[in-house]
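The values are calculated or read from the model by the stated rules, or taken from the named source; none is laboratory data. Everything quoted here is computed from the prediction, not taken from an experiment. Cβ sites come from the backbone with ideal geometry, for glycine too, and all protein chains shown count toward neighbours. Just the protein is used for accessible areas: all its heavy atoms, side chains included, with ligands, DNA and RNA removed. Shrake-Rupley method; radii C 1.70, N 1.55, O 1.52, S 1.80 Å.
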4 protein chains.
Amino acid sequence: MIRAGVVGASGLAGGDLIRLITQHPDLELTFLGGSSHVGRRPAELHPGLRQDLGLTVEPVTEEVADRVDVLFLATPAPVSADLAALLADRVPAIVDLSGAFRIRTPELHDRWYPKVQRRPDLAERFVYGVPELLGDRLKDAALISLPGCYATALTLGLAPLTLGLGLDLGTVLVDGKSGSSGGGLQLRTSELHALRNGAIAPYSPTGHRHAAEASDFLAREGRGSIASLSMSAYGVSHVRGLLTSTYVFPAGPVDQRELHRAYLRFYKGHRFVRVRRHNETLIPVPDPQAVLGSNYCDVTVLHDPEADRIVVLAALDNLVKGAAGQAVQAANLRFGLPEESGLTMQPVMPA
Amino acid sequence: MIRAGVVGASGLAGGDLIRLITQHPDLELTFLGGSSHVGRRPAELHPGLRQDLGLTVEPVTEEVADRVDVLFLATPAPVSADLAALLADRVPAIVDLSGAFRIRTPELHDRWYPKVQRRPDLAERFVYGVPELLGDRLKDAALISLPGCYATALTLGLAPLTLGLGLDLGTVLVDGKSGSSGGGLQLRTSELHALRNGAIAPYSPTGHRHAAEASDFLAREGRGSIASLSMSAYGVSHVRGLLTSTYVFPAGPVDQRELHRAYLRFYKGHRFVRVRRHNETLIPVPDPQAVLGSNYCDVTVLHDPEADRIVVLAALDNLVKGAAGQAVQAANLRFGLPEESGLTMQPVMPA
Amino acid sequence: MIRAGVVGASGLAGGDLIRLITQHPDLELTFLGGSSHVGRRPAELHPGLRQDLGLTVEPVTEEVADRVDVLFLATPAPVSADLAALLADRVPAIVDLSGAFRIRTPELHDRWYPKVQRRPDLAERFVYGVPELLGDRLKDAALISLPGCYATALTLGLAPLTLGLGLDLGTVLVDGKSGSSGGGLQLRTSELHALRNGAIAPYSPTGHRHAAEASDFLAREGRGSIASLSMSAYGVSHVRGLLTSTYVFPAGPVDQRELHRAYLRFYKGHRFVRVRRHNETLIPVPDPQAVLGSNYCDVTVLHDPEADRIVVLAALDNLVKGAAGQAVQAANLRFGLPEESGLTMQPVMPA
Amino acid sequence: MIRAGVVGASGLAGGDLIRLITQHPDLELTFLGGSSHVGRRPAELHPGLRQDLGLTVEPVTEEVADRVDVLFLATPAPVSADLAALLADRVPAIVDLSGAFRIRTPELHDRWYPKVQRRPDLAERFVYGVPELLGDRLKDAALISLPGCYATALTLGLAPLTLGLGLDLGTVLVDGKSGSSGGGLQLRTSELHALRNGAIAPYSPTGHRHAAEASDFLAREGRGSIASLSMSAYGVSHVRGLLTSTYVFPAGPVDQRELHRAYLRFYKGHRFVRVRRHNETLIPVPDPQAVLGSNYCDVTVLHDPEADRIVVLAALDNLVKGAAGQAVQAANLRFGLPEESGLTMQPVMPA
């Protein structure tokens, strides 16, 4: 059994990490860390997780290195940055779910993470943890920086066009829609149910750091280029799951069938990305409710012949494929386990 | 008192028309028409509207002309087309809430309303009923074609740029988000609460006829041109209200303050359009929950300097400013009443 | 015009008071009071209420007496108690929406409002403000204590049995279900959308002070007695509106038709209580969504022949008939205005 | 591997059966039956379940006996009755999720299932499938009749009082609250999202057949008696999960601690019933959101000293512990598998 620890155990991503690790056949939960809620049991912090795990939240020190093989950091970026610096050479594997080490271009990093001091030496040791695209590099990676939830959807949606077909995309526009769990459990008036329910909240109308992150990554890896990638993000009235709508204006002629086939081809063998036709089931897809609780990212690509634009839709559960599930998936690859180990749960729909 | 009739009395827009007319100081509800639910009282069809109005649903014949001064058609486009042909020369004022007479360009009409035969002679007698833009033409208009709900938001959002500032816009992208009341009460599996709640449903991902309608109107009126206007529409998890996000890439330099002021100037004196700053209140605005039940359209314009794009957000209650309320507003202008007569209700928020 | 002030202007009931007063033909809003948010305009605190009222939140002093004819206290009970003591002899009319003066039996008061010191002299000058039952006493009442939201539904549901038919009821059980607006805007983790949406939260499973209040009132007024009245309260997954289910085991034989007729008779002439048949419309009623935004209380009485029990269901909008609307209704009676003045808005349904 | 078939594969319980069987280490899905949607693949009917199972919906004939070891009937009661008659002696194990064979008292059966002809010979061969109470009898049971969703919660909530403590209960009142998935996918106007969202729908205010079922079962098994058990049921505004509130007036003295301990004792060793304290975690429990997607039933017992009543709260996921999960649990016992096989998934919360 691989011994796993979770720091940030009281948050929503931390809760889903606990859920997934305790369901995992090859991982064993041996440590819960955090600076608040010290001494509390998981069941007190996560109403669904009631079994006694024999663990309480503890402060993180260097000694955690003796108790874990892999440490998941579900902490704010500045905390992750400090913990990574402390533990990078002591813990066999660290999977950081924050944005501390996602963006490599210095100006972009400073623009979107001004409170996280850059540590170039440490940063370049991190592998960007999107298993469908960089799976090979995750094998034996000691340090993994997990993409943001929106960035995961966005990148998985665009990669078949840029990395796959090698298209040069001009202006790319992303409209992201997510539920309230994306905001965590921070106390804010605008997140109270009375004000948040029924909302379409334009919370990041003119930019989102996950777009910068995706842009930075695709430029780094890319065959196809992207001239400009901008994003607006909205909170809508459900709890779990997000959808990215990516609008692309291709330079040359495009065919709906070819596009769909290219996506199928690109994700062949990658069970967690489901390339779907828009009308293949009871409801229009992709829709995050059809992936709820699972590690799937559903992707649909459509050509709009009238405006000659490509519409790429990608849906995922922001706490699973957008956080805890992808973290486990990356750890599976890191430790040579089957990629799907502990992640075979099907979506809970309707919910 | 002006005698008002509602055809399509059993639908959601019909219900809100009944609600607004019975609250109106100068209108009197004298006729309810429909082809289904004949003989039923409004209270049977609309659970909230329980007072006895002394009316039941009746089939529509020419004789309705003796009983109404204004007839609101909250009917499917083909039905509206037939009723308008029958009654145009008999009823003093007809306000059609359907799409039958909205699009003037023949090819566009046929593309989006293939089941509604064009009647050019009749169509050109209709005034497009967006009071903030064509208010003068509504005075004494016998035939009024009301914009679609999305088209209203979209047009009110873009007009200050094109009609006001005279900007030539290149590619314009619209991402529309609406609640389930937009789909009416038609029985469809995908609209059952169990499947629709929690959804982000990409129901019209590659085009929407309201975009064609807005495009057609703005081109007709326009000083500033629009090279291409495309739209994708999503159903999100609430009932009443919609938001349009319109993304524009301006040719020249743009200033946030100037933009906001231009919008304020353009809508000066128009009480139903509220130009708002994004962060002026407890929640990010515009948000349709902040206009619920009212005739307001909230508009915010933002400049994204990094991508050099303009983001225009417009929120309204699709059954009020997007249907019944705007219909009453247009009728008020038609009959020389104060524009706000019967429409002074404030938003019911939170709800 | 009657000059009205609102203390507690930043809360949800305060917001609905502002909404209703600004829509009222005979009231004029002349004062906004509060201890927090001093200097803020209503539009900053209530996203829907954007018009400029020329008022900001001010601290309350004795001088408010020069500026208002009626003062609505939408404040916590201890604050209301202090303000009432300060202003009772200075302001012509005070309508207190808190629980400070609702319960008259000393032990009951101390049990449920331990932080509100009893002031018997002041308390006995307050009239309990349930207009349908004590309307006559509200005329010229200088001090009005408004019932709680659940207490209003509960009392209006039971009154036809006890005060009307004079039945002696044995054990009465109440199961109350309400939306998240009942909890106000206090920041609590359990009220965050992510944790509150989708909940059935048993927040007061073994007792609720509104039951004590209703019990105290009915005993005071009562012809029919109640041996024991107990209540459990649950938060369910919407924002505005509540339903009380009251289960009664009558001593003698009961007939469904007679019951319904007795309720109709009892509320004859009271337009804000709508006695409804359970299946008279599209959805089972009463349902709070069918009264949303309005001052109605919908009541249905049913006999369950198998268990020989009476089921009384009462639905209302907790912020309107359960708070701001009923406050305005009581003020209307106090000042000799038509009871419905400013309260004729119909329910906004669906929402 | 045990070969499993599902009849009623297109419904919601059918969908969750498919989900659970495909995640089960010891069951293999070998047959999908139904009279509608013949020829359709599961992915077309259940948007979340996209993997290719190599199966399509087929009509059910006697030949299914060659293809399955256990057949789950997620069919309407009349269909289940016919299928059971056809297949009882041919298929090794049948688990019926309908109400066809739940009630044994003839008058009660005819009262609540008038369309299901009684077949006493067949009925008495069925074991009532509530594993925590009748687990021993499920071993080797050929025919299993699964309790209704409400009946499961109700029975698990009351059993420690009657079967455990042997209390004689007088009048017992149940108030049930459930989400929209309880109504299945039948097309009804009142179940459209636009009318169902935000509702508190009193759909069965004066009785529910699951109460009759629980009453019948407890009387059959009982040590403690129940004088009268009545129920009212409400639809509230979420999709998955139900709560039963059971109000009991005990004859003798009661102690909160003793009660809680008695419940803990009664369910010792039964991992799927979690006896919880009301305030042990972030939100008041039990709450169905804290069991979502899992096979848990959370139970809390409280004493209300003022009214001297016992309040028993029980929450479960109506499609899992109230249907598909409990069906798998019963089948596990039937085939000598570990009770939790395939059912170890933790709740997906928040969702």
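For label points placed 7 Å from Cα toward Cβ, what is the shortest-first list of nm distances from D:Arg119 to its copies?
Going from nearest to farthest copy, the values are 6.0, 7.1, 7.5 nm.
Please give the FRET efficiency for A:Met1 paired with D:Asp140, using the beta carbon to beta carbon distance and R0 = 41 Å, rounded to the nearest 0.05.
For A:Met1 and D:Asp140, the calculated efficiency is 0.70.
Among the listed pairs C:Lys177/D:Lys321; D:Lys115/D:Lys321; A:Lys177/C:Lys177; B:Lys177/D:Lys321; A:Lys321/D:Lys177; B:Lys115/B:Lys321, which have their C-alpha atoms separated by more than 28 angstrom in this model?
A:Lys177/C:Lys177; B:Lys177/D:Lys321; A:Lys321/D:Lys177, as the Cα separations exceed 28 Å there.
Take every residue in peptide A:66-77, count the Cβ atoms of other chains within 10 Å of its Cβ, and give the average of those counts. Display every interim value, and only then the final one.
On the way: counts 0, 0, 0, 0, 0, 0, 0, 0, 0, 0, 0, 0.
Average per residue, whole number: 0.
Under a Cβ-Cβ cut-off of 15 Å, what is the net charge of the residues other than B:Ser80 that fall near it, where Lys and Arg count +1 and Asp and Glu count -1? Write out the running numbers ahead of the final one.
Values: positive: B:Arg102, B:Lys115, B:Arg118, B:Arg119, B:Arg125, B:Arg209; negative: B:Asp82, B:Asp96, B:Glu213.
It works out to a net charge of +3.
What whole-number value in Å² describes the accessible area per residue of segment C:150-316 for a 1.4 Å probe?
Accessible area per residue: 28 Å².
By DSSP, what percent of the beta bridges with both residues in chain D are antiparallel, rounded to the nearest 5? Working shown, then result.
Working: 24 of 56 bridges.
Percent antiparallel among DSSP bridges in chain D is about 45.
By how many degrees, between 0 and 90 and to the nearest 10, does the Cα long axis of helix C:12-22 differ from the longest principal axis of chain C?
Tilt relative to chain C: about 70 degrees.
Accessible area per residue for segment C:2-125 in Å², computed with a 1.4 Å probe and the full protein assembly in place, what is it? Display every interim value, and only then the final one.
Details: 5030 Å² over 124 residues.
Using a 1.4 Å probe on heavy atoms only, each residue of segment C:2-125 averages 41 Å².
What net charge do the residues around B:Ile226 carry, taking every other residue with its C-beta under 12 Å from that of B:Ile226, with Lys and Arg at +1 and Asp and Glu at -1? Mind dumping the intermediate values first?
On the way: positive: B:Arg220, B:Arg223; negative: B:Asp168, B:Asp216, B:Glu221.
Here the count lands on -1.
Using alpha carbons only, how many degrees (0 to 90, rounded to 10) separate the axis of helix D:325-334 from the longest principal axis of chain D?
80
Would you give the gap between the C-alpha center of segment C:263-335 and the C-alpha center of segment D:246-319, rounded to a whole Å?
Taking the Cα centre of segment D:246-319 as reference, the centre of segment C:263-335 is 32 Å away.
List the residues of segment D:211-254 for which accessible area in the full set of protein chains is at least 10 Å² lower than for the chain on its own; 1.4 Å probe, protein heavy atoms only.
Residues passing the criterion (a loss of at least 10 Å², heavy atoms only) are D:Ser228, D:Ser230, D:Ser232, D:Tyr234, D:Val236, D:Ser237, D:His238, D:Val239, D:Arg240, D:Leu243, D:Tyr247, D:Phe249.
Taking springs between alpha-carbon atoms closer than 10 angstrom, which of C:Leu146, C:Leu185, C:Leu12 fluctuates most in the Gaussian network model of chain C?
Looking only at C:Leu146, C:Leu185, C:Leu12, the largest GNM fluctuation is found for C:Leu185.
Where the only charges are on Cβ atoms (+1 Lys, Arg; -1 Asp, Glu), what is the dipole of chain C about its Cα centre, to the nearest 20 debye?
320
Want the number for A:Thr56 to A:Arg125: 0.36 nm per residue separation, take away the alpha-carbon distance, what's left?
Going from the current span to full extension adds 21.7 nm.
Calculate the tail of P(r) for segment A:150-316: the fraction of all Cα-Cα distances greater than 26 Å, expressed in %.
Details: 3771 of 13861 pairs.
In whole percent, the long-distance tail amounts to 27.
Considering only the label points, 7 Å along Cα→Cβ from Cα, what distances in nm to one decimal separate C:Asp168 from the same position in each other copy, shortest first?
Computed spacing set for this position: 2.5, 9.1, 9.4 nm.
Taking only Cα atoms and a 10 Å spring cutoff, compute GNM fluctuations for chain A and point out the largest among A:Glu280, A:Glu213, A:Glu191.
Checking each option, the largest mean-square fluctuation is seen for A:Glu280.
Taking one equal scatterer on every alpha-carbon of segment B:43-122, how large is log10 of I(q)/I(0) by Debye at q = 0.19, 0.27 1/Å?
-0.88, -1.29
Roughly how big is the C-B contact, given as buried accessible area in Å² (both sides, 1.4 Å probe, nearest 100)?
2900
Suppose you put the label 7 Å out from Cα in the Cβ direction; list, shortest first and in nm with one decimal, how far A:Arg40 is from each other copy's label.
Label-point separations across copies, in nm and ascending: 2.6, 4.4, 5.0.
So for each of D:60-72, A:165-177 I average, over its residues, the number of other beta carbons within 10 Å; can you give me the resulting order with the highest mean first?
So the peptides D:60-72, A:165-177, ranked by packing, come out A:165-177, D:60-72.
Rounded to the nearest Å, what's the spacing between the alpha carbon centres of segment C:1-51 and segment B:102-153? Just the number, please.
40
Which residues, if any, in segment B:265-280 lose at least 10 square angstrom of accessible heavy-atom surface (probe 1.4 Å) when the other protein chains sit next to their chain rather than the chain being alone?
B:Arg274, B:Val275, B:Arg276, B:His278, B:Glu280
When only C-alpha pairs under 8 Å and at least 6 residues apart count, what is the relative contact order of segment A:73-127, in percent?
The normalised contact order for segment A:73-127 reaches 37 percent.
Taking square-rooted eigenvalues a ≥ b ≥ c of the alpha carbon gyration tensor, is segment A:270-351 rounded, prolate or oblate, where a/c under 1.5 means rounded and, failing that, a/b exceeding b/c means prolate?
prolate
Taking a temperature of 37 °C and a viscosity of 0.692 mPa s, what whole-number D in µm²/s does Stokes-Einstein yield for the protein assembly as shown with Rh from Kirkwood over alpha carbon pairs?
Details: Rh = 32.8 Å.
The calculation lands on 100 µm²/s.
Which angle from 0 to 90°, rounded to the nearest 10, does the C-alpha axis of helix B:77-87 make with the longest principal axis of chain B?
50
Nearest-5 percent of antiparallel DSSP beta bridges in the protein assembly as shown?
45
When you look at the Cβ of every residue in B:3-15, what mean number of other chain Cβ atoms sits within 10 Å? Before the final figure, lay out the partial values.
Details: counts 0, 0, 0, 0, 0, 0, 0, 1, 0, 4, 0, 0, 3.
Per residue, the average neighbour count from other chains is 1.
Can you tell which of B:Ala153, B:Ala324, B:Ala88 shows the greatest fluctuation in a Gaussian network model of chain B with Cα springs below 10 Å?
The residue with the greatest mean-square fluctuation here is B:Ala88.
Can you pull the percent of Cα pairs in segment D:43-90 with separation above 14 Å?
Tail of the P(r) past 14 Å holds 60 percent of the pairs.
Of all accessible surface on the protein assembly as shown at a 1.4 Å probe, what whole percent is carbon and sulfur?
Within the protein assembly as shown, the accessible surface is 48 percent carbon and sulfur.
Restricting to DSSP H runs of at least four residues, report the calculated mean residue ellipticity at 222 nm for chain C, -39500 (n - 2.57) per run over all residues, nearest 500 deg cm²/dmol.
-7500 deg cm²/dmol
If you take every DSSP beta bridge whose two residues both sit in segment C:150-316, what share of them, in percent to the nearest 5, is antiparallel?
Here the share of antiparallel DSSP bridges comes out near 65 percent.
Excluding D:Lys115 itself, what net charge comes from residues whose Cβ is under 14 Å from its Cβ, given Lys and Arg +1 and Asp and Glu -1?
Values: positive: D:Arg111, D:Arg118, D:Arg119, D:Arg209; negative: D:Asp82, D:Asp110.
Surrounding charge for D:Lys115 is +2.
Which whole-percent values make up P(r) of chain D when all C-alpha to C-alpha distances are grouped in 20 Å steps starting at zero?
With a bin width of 20 Å, the distribution comes to 31, 60, 9, 0.
Can you give the average number of partner chain beta-carbon atoms within 10 Å of each beta-carbon in peptide A:48-55, as a whole number?
Across the residues of A:48-55, the mean count of other-chain Cβ atoms within 10 Å is 5.
Report which residues of segment C:321-351 become buried by 40 Å² or more of accessible surface when going from the isolated chain to the complete set of protein chains (1.4 Å probe; DNA, RNA and ligands ignored).
C:Gln346, C:Val348, C:Met349, C:Pro350, C:Ala351
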